[in-house]
Every structure is written in C-alpha cells, then in structure tokens.
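Bear in mind these aren't lab numbers, they're just calculated from the coordinates by the rules spelled out. This is a predicted model, so every value here is computed, not measured. Positions of Cβ are generated from backbone atoms using ideal geometry, with glycine treated the same way; all protein chains shown enter the neighbour counts.
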Amino acid sequence: MSQNLDYNDKVWGLLISMNVGDEFNIIEKVAPERRQKFIEIVKSYIDHDCSDLTYIEFNNEYTKIKKYLK
C-alpha cells in the first residue's frame, strides 16, 4: 500500500512543480502499465487542487497534461 502512496506523492509533486505553460507528455514519460494509475492520480489532483492561480488540464486524448493560469 505504501508503494501506491509513494507513487501518488511523486505524481502530485510533479504537478505542483510544473510551471505555467509546461506540458507533460504521458505517452513519452509514463510506462504503459502505469498510465491508467497516473491519469487517475492527476484527476484526483484536479479535483482537490486549491490553487487560486493555476490549473491542470488534459488534452482530449488524455495523452498530455498542461498547466495554465486561471
């Protein structure tokens, strides 16, 4: 179970550390067996994000995420 929490923390850390305008290519950077889990964690982050300044959004194919200013 702690392994899942560690991965969750790593993904949230990545999302927090992204700069506005940064794009993250899920296909290039996430192993195929982890992509679904990665997407679920990003969705959770989007649901819980309390930032007043930025937000994360998927592209239509769920292959990339990008950080934007609100």
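Extension gain Ile27-Ser51, at 0.36 nm per residue separation less the Cα-Cα distance, in nm?
Values: separation 24, 0.36 × 24 = 8.64 nm, distance 2.63 nm.
So the chain would gain 6.0 nm between Ile27 and Ser51.
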Taking the 0 to 90 degree range and rounding to the nearest ten, how far is the long axis of helix 2-17 tilted relative to the main principal axis of the chain, both from C-alpha atoms? 20
Length-normalised contact order for region 2-69 - Cα pairs under 8 Å, 6+ apart - percent: 40
Could you tell me which label, among [x] 75; [y] 41; [z] 44, carries the value of percent of Cα pairs over 16 Å apart calculated for this structure? [z]
Suppose every Lys and Arg Cβ carries +1 and every Asp and Glu Cβ carries -1, with no other charges. What dipole size does region 2-69 come out with about its Cα centre, to the nearest 20 debye? 180
If you fit an axis through the alpha-carbon atoms of helix 35-48 and take the longest principal axis of the Cα set of the chain, what angle between them do you get, 0 to 90°, nearest 10? 40
